[in-house]
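Please read the structure below before turning to the comments.
Where a number appears in this text, it was derived from the coordinates with a stated rule and is not lab data. Worth saying up front: this structure is predicted, and the values here are computed from it rather than measured. Cβ: placed from backbone, ideal geometry, glycine included. Neighbour counts: every protein chain shown.
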There are 2 protein chains.
Amino acid sequence: MRFRPFLLLAAGLLRGLAPAAGQGYGQFVDPMIGSEGLGRVFIGPSCPFGMVKPSPDCTASPNSGWLPEPTPVTGFAQVHVSGTGGGPKYGNILLMPFSGPLALGDNSAHRQHEHAELGYYRTQLAGAGSAAAGIGVEITASPKVSFYRLAYPRQQPRALKLDAGFFLGEQPEPDGREAQQFVGSEVEVVSATEVRGYSRIRGGWNNGPAYTVYFAAVFDAPVAEFVTWKGTRLQPGQKLQADSGEKTGALLRFANGAGDTLRVKVGISFLSAARASENVRAEIPGWDFDLVRRQLRARWDALLGRAELHPDTPLDQKKLFYTGLYHTMLMPVDRSGENPLWNGPQPYYDDFYAIWDTFRSSNPLITLLAPQREVDIVNALLNIYQHDGYLPEARSGNANGRTQGGSNAEVLIADAFVKNLPGIDYRQGLAAMLKDATVPPGGNEEQEGRGDLADYRRLGYLPSGVPRAGNRTLDYAYDDYCIAVVAKGLGQLPVYQQYRQQAGNWQNLWRDGYRNHGATGFIMPRDAAGKWLDSIPYGTSVRQHPTFVYTPLMRENPWYVCHWCAFFYEATSWEYSLSVPHQVPVLIAKSGGRDAFRARLDTLFEKKFYNVANEPSFLTPSLYHWLGRPDLSSQRIRQIIAQSFNATHFGLPGNDDSGAMSSWLAFQMMGLYPNAGQSYYLLNAPLVKQTTLHQENGRDFRITAHNLSATNVYVESARLNGKPFRQAWIEHQDIVNGGELLLEMAAQPADWGTRQLPPVTE
Amino acid sequence: MRFRPFLLLAAGLLRGLAPAAGQGYGQFVDPMIGSEGLGRVFIGPSCPFGMVKPSPDCTASPNSGWLPEPTPVTGFAQVHVSGTGGGPKYGNILLMPFSGPLALGDNSAHRQHEHAELGYYRTQLAGAGSAAAGIGVEITASPKVSFYRLAYPRQQPRALKLDAGFFLGEQPEPDGREAQQFVGSEVEVVSATEVRGYSRIRGGWNNGPAYTVYFAAVFDAPVAEFVTWKGTRLQPGQKLQADSGEKTGALLRFANGAGDTLRVKVGISFLSAARASENVRAEIPGWDFDLVRRQLRARWDALLGRAELHPDTPLDQKKLFYTGLYHTMLMPVDRSGENPLWNGPQPYYDDFYAIWDTFRSSNPLITLLAPQREVDIVNALLNIYQHDGYLPEARSGNANGRTQGGSNAEVLIADAFVKNLPGIDYRQGLAAMLKDATVPPGGNEEQEGRGDLADYRRLGYLPSGVPRAGNRTLDYAYDDYCIAVVAKGLGQLPVYQQYRQQAGNWQNLWRDGYRNHGATGFIMPRDAAGKWLDSIPYGTSVRQHPTFVYTPLMRENPWYVCHWCAFFYEATSWEYSLSVPHQVPVLIAKSGGRDAFRARLDTLFEKKFYNVANEPSFLTPSLYHWLGRPDLSSQRIRQIIAQSFNATHFGLPGNDDSGAMSSWLAFQMMGLYPNAGQSYYLLNAPLVKQTTLHQENGRDFRITAHNLSATNVYVESARLNGKPFRQAWIEHQDIVNGGELLLEMAAQPADWGTRQLPPVTE
């Protein structure tokens, strides 16, 4: 045999791109962590920030599609989100294999031997009454194409349903809040091996306008028989069901001659069905399922490998950490080249769920591991601002909506600015931030920008009665701080001075001297005249003027006050009164000083007023740093992790919110925690003995916890690049520069971090 | 031959539906009236409110597509608007026949023997250097399908360009105000006789988001050779050019065997290309061009015939009148079943250009001649409110935007209410009106609702410096009047009382005692502190504070003040200070009483301060009615018509604005003029001797001007259904009831209309 160096070289390259599954860091990812309970993570295969997210859909209600047995699976839809609460979104283009005649009907099935790993899902459909029983389903994906390998029972009919009318969260009432609503659909059998079409849906979590998911399903065997449907009308051999505002789909049967396995590639596009078909040809030209699976794994391995844990790290910790990174990089979704709204070479991202959730730790983790990706995301936000008029706070289905608190894309811009991310037009960024801060969004006050802005500008706070007045005042003040930071850096001093001033607006809702459970001073409801309210109105009776007593522990409202109208979103004043990431020293002073603040924090944790599942509390356990007690921060963080996180299906304490929970955990495991919008990370006792960051700039940064053990959980001293390092925080630039942070661990805290407190930039 | 009664019957029905062209009232329509000069009317074939509007496109700049020779024609696009100003919109899916090799290049041609009549356009392409020279083009249409008959020179190659990248108003700078911008396109040769694709464009006049025009072009001969393109890359035989954000198109050659004539049907859809193809099959299953042309004519004849002029009416008057009706019913466009945004059985209309232009006379004319159509339009507006959040003021490309003055869909709702149009949920209507009046649209203050609403609510007027403060205050006050009318009718008395009060807000900008050219009291700029301004600021220098003197005759601003930022939109204070359609007696009193008001009106007309081309002045010549001098109203109206309207290409004095100018004329010719939002018509001396309204309810109403002649131009007396009728106005209900209004004409005015003045409903 002749020596063919070129081919060998090519094969070598291919291997480099696609190592055998299970060898890279992806092996430690368990997509099932956080899949049950409150986590709601997406469990199917997805590329990093991937556009397709195929998953079993178990009834039409869960947000991520998947539910555990014994809930049957209805089919496998191609688009999902991860970790969300509220009304579902997507769940489009449902595929369901079955064996039997081409008739409409429920082929829902149970699952046996269900298995999910990074980039790969497998199950065996089962159930006595189901025409799908006995069919093996495997799924992998490229960025825009789902790839199915379906193993039918021997010599049984190989049939497939493609349902363009399915979607998650359908409700009987039209136009219900957060309910997805059907707009239109189409299917066309374009050849013996391809079906195209689309599903057009509106509403859902962000109450958005119509979006269209186009698809092209390509088969490795010719269709032997087909029936298409519209509404409830089945039409054998009818190739096209054009859109007439009814649900459509296709039932296909493939001849058995070619074997019992059917491979199906389902390309997705947001531009057109033909584009979806081109996406199939461009991304998966062949039929090698295992190759695509390896390629997906290789993409992740390259990314996950940027944070290398010491090989001796216990398996559960590796699972928690790498699954954390994985969850963080499922969304937002990279839809560059798939934007149906405007044209241009800029990156385009969708599915921000929501920046209120992700700005604190998810985006900073992306900045740390994949800064160019974060640059693309920020540029996509600015591009959306330029064309849609506002930065998104949340976005899905190509439309902004909706706000929970502030206009927190501003924090992402400030965070990129202080961390010197290149390739971003920060002047445009400042203009976008100022738009948020000065132009009321109007109409739908939840869609984007800052709702009730006129009140905020007039009073310096949002008065009681305005929805979410408490947490929005806090967020707006922090967003104003971020504006000040960027304005100062760009030399726009009048803007800086104004927003630096406004950054203190949270103090306008700080009720000095108000006591509760031993703590003093709380963010409390105040009316537009400036009066503090001990009771706040409820109901709409203008005769009786009913009220209820408001306390800093009040979490829920009476049932007749809407979820979105409460004083705080998803938490209590005990939690929110500590959520001032830019002015912690002021907060300490207003709480009565160091001792009182220490007692307040202790009460918070010991009386279980703290809830790690709500993002505004993410920084709270680290506040001991500002008292010179990083040891207490670390203690609390370890307690929280031990109590709330684990490597099981129930391993996340709340909605993962696009990786928010997961990224908080991953940061803390490394011993770092960011204060987004500011340039440093707080240092804590790592949970892992060594993390090496292989940065995009080629420089490694290593964090080593020397002598870490079950008892040695305190940082006794530290060295940065060999020199003593006494502060319990580190600048982003120090990491970017590369080097090593060596933390000497001990069973007792020493004076490390007690004197040089974290910086406050004003 | 056997007697076949059924077939004869069918043929008879068909004849009933499609009389020979030229026999119905459509024969009097001349689509070229208003095509040159300022009118900008669409000149191609269109069904009433028809979705396709094919027209020659002469360069990519004119709003309606068409320009006169010697401007060459670039091709024939399928979607246009009529009579608009500002930036162009649409001009999508360009078709151009040529004879020659399939190469990209300009085949622009001159036109010979160009001819347009209702439902039919014909030209002969010409020009020495053009590959299209010698080709005859004929066009007709069904509601959603353009139909072309192309006659190629004998034995010359029959080639065709289908350009999915063409659109009107392309400009080099990205995202320019009012500029259409390319988003994406696609073409696919789906069979030997069909090409499908789409064009996705954003921006344009209403600065809207992306809209997609899908098409299916079907040929009566097989394609013998084809080349498709993307960007500048030609690809022979490449069937599909999928969307990748580049311009695409197809060049086709048809074999010459089948003759020299090629028929092409171009179906349009806003849902999908397959839907466009179904629209072709549903609307024009065959190839009989003349049948389609007759069917289109029959649709129009049935509609135009509802206003029957006396057969003796001079031809030019018939042309002016029926062309006026025709122009009024080109838009808005009926897109029922073609809404890509939400689903439902409700009617859907697009292309409101703008209601500020059409509420005064276009919509009232539709209400008079086709009330069910107006019900559908109002219900479409309410449906848009329900799903998009606001009533449109203007709408195009499936998106609201933009406002020139008030939120005048409110006037349409009030007009329908006072005219008792059935089948409208007026409670929802009131809710929609109150949304406009209470919820600031925010962000883009031009898109919908009432911009700068907070100022209006706080001050009762818009202060100087706010764009269009003058005319928006007037409009908001009238819109508030309309709210009061509906609220009162629905028994919502507190709402009624509040808005009745606000209806007087125009008086807050009425500068009492201010004199100009002998008149007293004008709508003048006032600052937020209440101070009247003789000079208003311009420019942005905060050091120099430059100003210019503001006078009631100021029409234009210095060039550096934007068109949209002036105190008045498109007119002077002389004109706008008379634009108070709900409180004319108050206006008369504030102007100094009857004599002063008479003198003021005389000055307006004699000094040529009046401009009929601006819609807020439409009612002004009729204001003499409130002085008991309908004879003077009639005199002015006749003068205006004689000076400003004629049956030539230059026959309209301004942008036809979706039929606004045309409907004003048509009303005045009958002797009626509506005061939209109020239940009556003012009566004037008709220009035609008799109009019979054949109403949808089956009842005829006839207006006869007895003894009308060149000198007998005054109404001496009147009888309604035989009884003396002394008032110079008539209730809508009197017309609906059927009957006859007999006006006795004379050479001198008598006391008719001098005592019982037009009603003022408060």
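3J(HN,Hα) along the range B:232-242, derived from phi through the Karplus expression 6.51 cos²θ - 1.76 cosθ + 1.60 where θ = phi - 60°, amounts to 10, 8, 8, 10, x, x, 7, 5, 10, 10, 6 Hz, with x in place of Gly and Pro.
In chain B, the beta-carbon sitting nearest the axis that superposes B on A belongs to the residue given here with its distance in angstrom, B:Gly442, 1. Cysteines in chain A that lack a partner Cβ within the 4.7 Å cut-off: A:Cys47, A:Cys58, A:Cys482. In this structure, the residue pairs whose Cα-Cα separation is over 23 Å, taken from A:Lys318/A:Lys689; A:Lys435/A:Lys531; A:Lys435/A:Lys488; A:Lys239/B:Lys161; A:Lys53/A:Lys89, are A:Lys435/A:Lys531; A:Lys239/B:Lys161. In terms of the Cα gyration tensor, with a ≥ b ≥ c the square roots of its eigenvalues, is the protein assembly as shown rounded because a/c is under 1.5, prolate because a/b exceeds b/c, or oblate? Oblate, since a/c reaches 1.5 and b/c is not below a/b. Among the complete DSSP H segments of chain B, which ones combine at least 20 Å of alpha-carbon extent along their axis with a mean Kyte-Doolittle hydropathy of 1.6 or more? Taking the DSSP H segments of chain B (at least 20 Å long, mean hydropathy at least 1.6), we get none. Taking Cβ atoms as reference points and 10 Å as the exclusive limit, the residues near B:His732 contribute a net charge of -2, counting Lys and Arg as +1 and Asp and Glu as -1.
Peptides B:466-477, A:708-719 ranked from most to least packed give B:466-477, A:708-719, packing being the mean of other C-beta atoms within 10 angstrom over each peptide's residues. Here's how it looks for A:Ala141: its modeled amide H is under 5 Å from those of A:Phe147, which are all 5 or more places away or on a different chain.
Working note: 222 nm ellipticity from helices only, DSSP H runs with n ≥ 4, each -39,500 (n - 2.57), summed and divided by the residues of chain A, gives -8000 deg cm²/dmol to the nearest 500. Note on B:232-242: average number of Cβ atoms from other chains within 10 Å of each residue's Cβ is 2.
Taking a ≥ b ≥ c as the square roots of the eigenvalues of the Cα gyration tensor of the range A:5-302, is the shape rounded (a/c under 1.5), prolate (a/b larger than b/c) or oblate? Walk me through the intermediate numbers first.
Numbers: a/c = 1.43, a/b = 1.18, b/c = 1.21.
Rounded, since a/c falls under 1.5.
Rounded to the nearest Hz, the phi-derived 3J(HN,Hα) couplings of the range B:709-719 under the Karplus curve 6.51 cos²θ - 1.76 cosθ + 1.60 (θ = phi - 60°) are 8, 4, 9, 7, 10, 10, 7, 8, 7, 9, 9, where x marks glycine and proline. Shielding by partners for peptide B:179-185, expressed as the average number of C-beta atoms from other protein chains within 10 Å of each residue's C-beta, is 3. In order along the range B:525-531, the Karplus-derived 3J(HN,Hα) couplings, from 6.51 cos²θ - 1.76 cosθ + 1.60 at θ = phi - 60°, round to x, 9, 8, 5, 7, x, 7 Hz, and Gly and Pro are given as x. Among A:609-618, B:103-112, sorting by the average number of other beta carbon atoms lying within 10 angstrom of each residue, highest first, gives A:609-618, B:103-112.
Amide H to amide H distances under 5 Å link A:Asp57 with A:Thr74, A:Gly75, A:Phe76, A:Ala77, where only residues 5 or more positions off or on other chains count and H is placed in the peptide plane. Net charge of the neighbourhood of B:Gln678, taken over other residues with C-beta under 15 Å away and scored Lys/Arg +1, Asp/Glu -1, is -3. At q = 0.07, 0.10, 0.11, 0.14 Å⁻¹ the log10 of I(q)/I(0) for the range A:338-635 amounts to -0.27, -0.55, -0.67, -1.06, computed by Debye summation with a single uniform scatterer per C-alpha, solvent ignored. Kindly identify the range A:42-84 as rounded, prolate or oblate by the Cα gyration tensor criterion: order the square roots of the eigenvalues as a ≥ b ≥ c, call it rounded if a/c is under 1.5, otherwise compare a/b with b/c, prolate if a/b is larger, else oblate. Because a/c hits 1.5 or more and a/b exceeds b/c, the range A:42-84 counts as prolate. Peptides B:665-678, A:593-606, A:629-642 ranked from most to least packed by the mean count of surrounding Cβ atoms within 10 Å: B:665-678, A:629-642, A:593-606. Stokes-Einstein diffusion for the range B:482-619, with the hydrodynamic radius set to the Kirkwood value over Cα pairs and evaluated at 20 °C in a medium of 1.002 mPa s, equals 128 µm²/s. With kT/(6 pi eta Rh) evaluated at 37 °C and eta = 0.692 mPa s, and Rh the Kirkwood radius from Cα pairs, chain A diffuses with a coefficient of 121 µm²/s according to Stokes-Einstein.
Count the net charge of all other residues whose Cβ sits under 15 Å from the Cβ of B:Thr711, scoring Lys and Arg as +1 and Asp and Glu as -1. Please list the in-between numbers first.
On the way: positive: B:Arg638, B:Lys689; negative: B:Asp631, B:Glu716, B:Glu744.
It works out to a net charge of -1.
The H on the amide N of B:Arg158, modeled in the peptide plane, is under 5 Å from the matching H of B:Phe254, each at least 5 residues off or on a different chain.
Summary for B:Ser244: label point 7 Å along Cα→Cβ; distances to the equivalent points in the other copies, ascending, 3.7 nm. With the convex hull of its Cα atoms as the shape, the range B:545-693 has an orientation-averaged projected area of 11.1 nm².
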